[in-house]
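Asks: Structure below; questions to follow.
The values are calculated or read from the model by the stated rules, or taken from the named source; none is laboratory data. Source: prediction; values computed, not measured. Every residue, glycine among them, receives a Cβ derived from its backbone with ideal geometry; neighbour counts consider all protein chains shown. Ligands, DNA and RNA are excluded from the accessible area calculation, which covers all protein heavy atoms including side chains. Shrake-Rupley method; radii C 1.70, N 1.55, O 1.52, S 1.80 Å.
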Amino acid sequence: MAPKGTVKPYPQFNATEDANALRAAMKGLGTDEDAILTLLTARANDQRQKIAAQYKSLFGKDLVDDLKSELGGKFERVIIGLMVPPVLYDVQELRHALKGAGTDEKVLIEILASRTSSQIKEVIAAYKQEYDADLEEAVAGDTGGHFQRMLVVLLQASRQKGVDESCIQQDAQDLFAAGEQKWGTDEEKFITILGNRSAEHLRRVFDEYMKISGYEIEESIEKETSGSTKDLFLAVVKCARSVPAYFAESLYNAMKGGGTDDNTLIRIMVSRSEVDMLDIRDNFRRLFATSLYSMIKSDVSGDYKKSLLHLCGDDE
């Protein structure tokens, strides 16, 4: 399947020309932010890595360091994010989420619920290489309770493949018995089933659950659980149903109401721009009767806005 990203490899790519253009945009008095954002949002990530290598060869300077010294604020965070290889971007986001004052549960939930098993394995290996630390130990040391246990299950990256017809009925029944049918909730059953079954298997289980209980699984989770555990269970369910719809909803929540959750907005726009941004846009319009483009346009400003709109692509 072809990637459904808005950012694609640039056909007439020339690393030397691009490196020279970026140097010209940063040399002398003032910085040409437009030139920088137009160029970098129109190159695929591996092309950006080649530009950075060429920049160092030509000028003996580090491109990311130069960008950091010339740019500022949220715009800088978008551009620097685009310069990081995708797996390393996830790794850095997880590290910040675990290392700051308090744990940023939102980041742990978003990344670990939405990535495939093979991506999670890559993230674990890259985390080890980058920080000489064990990601599972870092997560377990910073979290607790059922939230911690669900994250640890997701970090095993051991989802079964395909649909096991013989288990669908039983899984749905087990979830029903663990939640709606019980005084208190048996979170362990939810953890085992939501953490180990494939997305397509879970979608069948959710249909069956609806027949048995009369509720969507999301409604039961909302009623039966709370806090970070609830948020994580819901994210896993939503990603099993549709990863692009999950990200569309996350983007909407980041921008609705007063104030913007810039961390989430930047992270999703940067990390999904080459993966499924077109699908995210379609889901956004379907769910919220407005376009992602117009919501970004009215929510943020300046070069920050311009860079995000480039990653979003045209107003569909």
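Asks: Test R149 against the stated conditions and say whether it is of a type in the set (K, R), within 21 Å of I111 (Cα to Cα) and in contact (Cβ under 8 Å) with a residue 40 or more places away in the chain.
Replies: yes
Asks: Here's a check for you: in the range 245-262, which residue that is part of a helix (DSSP H, G or I), open to solvent by 40 Å² or more (accessible area, probe 1.4 Å) and in contact (Cβ under 8 Å) with a residue 24 or more places away in the chain is farthest from T116 (Cα to Cα)?
Replies: For the range 245-262, the residue satisfying everything is Y252.
Asks: Could you figure out which of (1) more than 18 Å from L265 (Cα to Cα); (2) assigned to a helix (DSSP H, G or I); (3) open to solvent by 40 Å² or more (accessible area, probe 1.4 Å) isn't true of A101?
Replies: That leaves (2) as the condition not met.
Asks: Here is a follow-up. Working only within the range 221-237, note down all residues that are open to solvent by 50 Å² or more (accessible area, probe 1.4 Å) and in contact (Cβ under 8 Å) with a residue 60 or more places away in the chain.
Replies: Residue satisfying the conditions is D231 alone.
Asks: Say we look at the range 263-297 and pick out the residues that are part of a helix (DSSP H, G or I) and either touching a Pro at 6+ places or on another chain (Cβ under 7 Å) or modelled with pLDDT under 95 (or both); which of these is surrounded by the fewest Cβ atoms within 10 Å (Cβ to Cβ)?
Replies: In the first step, residues of the range 263-297 are kept if they are part of a helix (DSSP H, G or I); the result is 263-272, 277-288, 292-297.
Adding the requirement that they be either touching a Pro at 6+ places or on another chain (Cβ under 7 Å) or modelled with pLDDT under 95 (or both) leaves 271, 279-280, 283.
On the way: S271: 21, D279: 18, I280: 29, N283: 22.
Top of the filtered list is D279.
Asks: Another question, then. Tell me, please, whether a residue that is within 12 Å of G195 (Cβ to Cβ) and in contact with a helix residue (DSSP H, G or I) (Cβ under 9 Å, 6 or more places away or on another chain) can be found in the range 127-145.
Replies: Within the range 127-145, not a single residue is within 12 Å of G195 (Cβ to Cβ) and in contact with a helix residue (DSSP H, G or I) (Cβ under 9 Å, 6 or more places away or on another chain).
Asks: Given the criterion without any contact (Cβ under 8 Å) to a residue 40 or more places away in the chain and either surrounded by 15 or more Cβ atoms within 10 Å (Cβ to Cβ) or within 19 Å of A199 (Cβ to Cβ) (or both), identify the matching residue among I168, I111, I79.
Replies: Numbers: I168 fails: without any contact (Cβ under 8 Å) to a residue 40 or more places away in the chain; I79 fails: without any contact (Cβ under 8 Å) to a residue 40 or more places away in the chain.
Criteria check complete, one pass: I111.
Asks: Follow-up question, since we're still on this one. Counting just the residues of the range 183-203 that are modelled with pLDDT of 95 or more and of a type in the set (K, R), which one comes out nearest to C167 (Cα to Cα)?
Replies: R197
Asks: From the list K8, K4, which residue is at pLDDT 95 or above, under 21 Å from the mean Cα position of the chain (by Cα) and open to solvent by 50 Å² or more (accessible area, probe 1.4 Å)? Give the steps one after another, and end with the answer.
Replies: Numbers: K4 fails: at pLDDT 95 or above.
Exactly one of K8, K4 is at pLDDT 95 or above, under 21 Å from the mean Cα position of the chain (by Cα) and open to solvent by 50 Å² or more (accessible area, probe 1.4 Å), namely K8.
Asks: Restricting to the range 11-49, give me the number of residues that are crowded, with 16+ Cβ neighbours inside 10 Å, in contact (Cβ under 8 Å) with a residue 60 or more places away in the chain and in a helix (DSSP H, G or I).
Replies: Residues flagged as crowded, with 16+ Cβ neighbours inside 10 Å, in contact (Cβ under 8 Å) with a residue 60 or more places away in the chain and in a helix (DSSP H, G or I) within the range 11-49 amount to 3.
Asks: Picking from K230, K223, K238, K211, which residue would you name as being of a type in the set (D, E, K, R), under 14 Å from the mean Cα position of the chain (by Cα) and in a helix (DSSP H, G or I)?
Replies: Details: K230 fails: under 14 Å from the mean Cα position of the chain (by Cα); K223 fails: under 14 Å from the mean Cα position of the chain (by Cα); K211 fails: under 14 Å from the mean Cα position of the chain (by Cα).
On inspection, the qualifying residue turns out to be K238.
Asks: Given (1) within 27 Å of Y131 (Cα to Cα); (2) open to solvent by less than 20 Å² (accessible area, probe 1.4 Å); (3) assigned to a loop (DSSP other than H, G, I, E, B), identify the lone condition not met by V91.
Replies: Failing condition for V91: (3).
Asks: For the range 301-316, name all the residues that are within 13 Å of V78 (Cα to Cα) and in contact (Cβ under 8 Å) with a residue 60 or more places away in the chain.
Replies: Those that are within 13 Å of V78 (Cα to Cα) and in contact (Cβ under 8 Å) with a residue 60 or more places away in the chain: G302, D303, Y304, K306, S307, L308, H310, L311, C312.
Asks: Can you tell which of I111, I193, I124 is within 24 Å of P244 (Cβ to Cβ) and either under 21 Å from the mean Cα position of the chain (by Cα) or of a type in the set (F, W, Y) (or both)?
Replies: Result of the check over I111, I193, I124: I111.
Asks: Follow-up question, since we're still on this one. Does T6 satisfy the condition of being under 28 Å from K128 (Cα atoms), assigned to a loop (DSSP other than H, G, I, E, B) and polar (S, T, N, Q)?
Replies: no
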